[in-house]
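Before any comments, here is the structure.
The values are calculated or read from the model by the stated rules, or taken from the named source; none is laboratory data. Remember, predicted model here, so these are calculated numbers, not experimental data. Reconstructed Cβ throughout: ideal geometry from the backbone, glycine too, with neighbour counts over all protein chains shown.
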Amino acid sequence: MDTTMVQTSLQVGYNQYMARKILVVDDTRNVQVLLSDFLASQNYEVLVASDGEEALEITRASDPDLILLDIMMPNMDGYQFITQLRRESCTPVIMITAKQLEADIIHGFDLGADDYITKPFRMRELLVRIRAVLRRAGPKESETAAIKIGDISLDTQKHEVLKGCNVVDLTPLEFLVLMILMQSPGKVIRRAELCMRLMENGYAGSESTLKIHIRSLRQKLDDDLDQPKYIETVFGIGYRFMEINE
């Protein structure tokens, strides 16, 4: 069995994600290598299979968190694999296919696929889809309902931000940006990472609009741009919520 497992250490800017296990199922070796290298660089543990039969064996033995599945393969194709998988497991599946006919895509969903992406595709788009599917499936990472740093308190259940005892009126997008930053105080969150998180939640993920929302967020927190107390710009990289010693 030609099975490859790749595991890497956590990268700067991806600290809030636990390592998740992804099974890549594709009969083309260069596709296997391309996806394995990319996913490993994003802190995913990667398993590889060349057809549906091999993928079933690996799934039963290793219980991956998500499966990237090619449709056209020898021995057992993607449709046959999903049919058998759904008798045994609810593991989320993203179809990676050259088939672009609506009937083929609907057939995959009817069999139990969770999402699809057509070849050729951009790695950034694939990453966004992976994270969105994993989140819908029930992420393993825990999120703190309430975060307090200095005089700023953020409550995800109430969707409320306080500065001292005063409510800070934020848009849903500004709240999301602040939450991401406050989850990793003192650590730089790269602009690309922030943009992808926004895209996952249905917002435009351009860096130009991100700058606008960061500026608005700072204004609402009464943060000094010259000597920031809360949100610091790390030029050329991203932003961080500053650690505050009580």
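Table for the structure above
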quantity	calculated
When residues of the range 86-105 are limited to those that are modelled with pLDDT of 85 or more and in a helix (DSSP H, G or I), the one nearest to ASP27 (Cα to Cα)	ARG86
In the range 106-133, the residues that are of a type in the set (Lys, Arg) and either in a helix (DSSP H, G or I) or not assigned by TED's automatic domain parsing to the domain that holds ILE67 (or both)	ARG124, ARG129, ARG131
Extreme residue, farthest from LEU173 (Cα to Cα), among residues of the range 209-246 that are touching a residue at least 40 places away in the same chain (Cβ under 8 Å) and β-branched (Val, Ile, Thr)	ILE244
SER184 being small (Gly, Ala, Ser) and either in the same structural domain as ARG131 (by TED's automatic domain parsing) or farther than 17 Å from GLY150 by Cα (or both)	no
